[in-house]
Amino acid sequence: MSIQRIAVIGSGTMGRGIAYTAALAGFEVMLQDISSDVLEKAKQYMEKEMAKSAERGFITDGQREEALQYLSYTTDIPDAAKNADLVIEAVVEVMEVKIEVFKLLDMHAPEHTILATNTSTMSPTEIAASTVRPDKCIAMHFFNPVHKMKLVELIRGLDTSDATVETVKQVAEKMGKETVEVNEFPGFVTSRMNCLIGNEAMNMLMGGVASAQDIDKALKLGLNHPMGPLELADLVGLDSRLRNMEYLYRHLGEKYRPSPILVKYVKAGRLGRKSGRGFYEYIDR
Ligand code: NAI
């Protein structure tokens with residue numbers, strides 16, 4: 001099936017990144033969020049980031065203008081779903097919220113529309129079970145920042161059809177991404193691994209093994225990680241990371257118990273880059 005119009009549901013860190021990359025790849029994109037403030041920020045993000053990319057020569061002025069014209073915004077899920085060929089959901093990592101969103105999408109999207117979730121950890125089968133089109137549901141797991149990260153993990157639910165997998169694979173490739181196919185299991189490949197490394201780093205920090213800077217430096221220079229686990233957690237958002245850990249802890253057990261320092265930081269509102277402070281402080285957000 002040929003995909004032209006994409007709806008992105010949830011316009012936070014990931015939703016706006018997915019929309020940005022999809023618009024530059026030539027898709028018509030409608031961005032949705034329940035919060036009009038978030039939508040306004042997403043719009044400003046598009047304009048600022050596209051201008052930066054044009055200034056640096058990554059895209060031409062023509063591409064920037066075209067991509068901005070491909071983007072539209074709404075607070076209404078039915079409005080976003082009604083003309084979409086593909087919906088990519090990027091709302092908070094809470095199963096009940098995702099299920100509510102998928103029920104609405106299923107009700108309002110055309111019959112041919114594929115419904116994808118950008119969940120980091122959760123079961124696409126469970127999410128798909130809230131619809132009457134489980135064959136057209138799948139997880140498309142993008143990475144942050146979306147325009148820079150090469151991978152999209154594709155996770156089939158129990159009833160996901162081969163045609164759905166093939167179509168979203170082509171969409172990801174048109175967005176300049178490579179894909180891996182992963183069988184459904186909590187945390188897939190990447191989140192399961194990344195959460196453990198991050199959690200261990202947080203426990204080391206809490207135990208006084210080394211400073212945040214030195215833990216990150218050790219992994220970057222000693223183990224060749226492109227980013228340290230603590231700076232990466234700040235980029236992901238500590239609230240999002242905590243939800244991922246809690247889900248993995250519930251489904252995979254003790255090894256995934258969230259580090260107490262992560263829990264404490266989230267309680268304090270230290271959410272990483274998006275709030276200006278996490279394991280590090282950020283002046284220019
Ligand atoms: P975020 O908190 O930045 O954004 C979530 C957005 O969803 C918020 O703007 C919120 O207003 C909106 N929202 C909440 N309920 C909604 C509803 N019922 N309808 C429409 N919008 C609603 O979260 P983030 O980090 O963008 O995560 C979104 C999803 O992407 C989660 O499932 C997360 O696990 C996943 N993810 C996150 C990554 C990251 O690095 N932050 C990486 C890969 C996946």
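A few comments on the model shown:
- When Y73, Y20 are screened for being at pLDDT 95 or above, of a type in the set (F, W, Y) and out of contact with any His (no Cβ under 8 Å at 6 or more places or on another chain), only Y73 passes.
- Residue match in the range 37-46 (condition: open to solvent by less than 10 Å² (accessible area, probe 1.4 Å) and under 19 Å from the mean Cα position of the chain (by Cα)): yes
- Checking each residue in the range 105-128 for being open to solvent by 60 Å² or more (accessible area, probe 1.4 Å) and either of a type in the set (V, I, T) or part of a helix (DSSP H, G or I) (or both) picks out M107, H108, E126.
- Qualifying residue in the range 237-250 (condition: open to solvent by 20 Å² or more (accessible area, probe 1.4 Å), closer than 20 Å to M122 by Cα and in contact (Cβ under 8 Å) with a residue 40 or more places away in the chain): yes
- Taking the criterion of being away from the ligand (no atom under 13 Å from the Cβ), within 24 Å of A42 (Cα to Cα) and either among the hydrophobic types (A, V, I, L, M, F, W, C) or not assigned by TED's automatic domain parsing to the domain that holds I88 (or both), the residues of the range 104-162 that qualify are A109, I114, L115.
- Qualifying residue in the range 86-94 (condition: assigned by TED's automatic domain parsing to the domain that holds A163, part of a strand (DSSP E or B), more than 14 Å from the ligand (Cβ to nearest atom) and in contact (Cβ under 8 Å) with a residue 24 or more places away in the chain): yes
- The number of residues in the range 251-269 that are closer than 20 Å to V38 by Cβ and surrounded by fewer than 19 Cβ atoms within 10 Å (Cβ to Cβ) comes to 1.
- All positions within the range 56-77 that are under 17 Å from K148 (Cα atoms) and surrounded by fewer than 13 Cβ atoms within 10 Å (Cβ to Cβ): R56, G57
- Filter result for the condition that a residue is farther than 30 Å from D85 by Cβ and open to solvent by 40 Å² or more (accessible area, probe 1.4 Å), over N199, N183, N224: N224
- Looking at G26, G15, G57, G62, just one residue is assigned to a helix (DSSP H, G or I) and more than 13 Å from the ligand (Cβ to nearest atom), and that residue is G62.
- Tally, over the range 274-285, of residues that are without any contact (Cβ under 8 Å) to a residue 60 or more places away in the chain and crowded, with 20+ Cβ neighbours inside 10 Å: 1
- Subset of the range 216-242 [among the hydrophobic types (A, V, I, L, M, F, W, C) and assigned to a helix (DSSP H, G or I)]: A218, L219, L221, L223, L230, L232, A233, L235, V236, L238, L242
The values are calculated or read from the model by the stated rules, or taken from the named source; none is laboratory data. Owing to the predicted nature of the structure, the values given are computational and were not obtained by experimental measurement. A quick note on method: Cβ atoms are made from the backbone with ideal geometry, for glycine too, and the neighbour counts reach across all protein chains shown. These area figures cover heavy atoms from the full protein model, side chains too; ligands, DNA and RNA do not enter into them. Shrake-Rupley method; radii C 1.70, N 1.55, O 1.52, S 1.80 Å.
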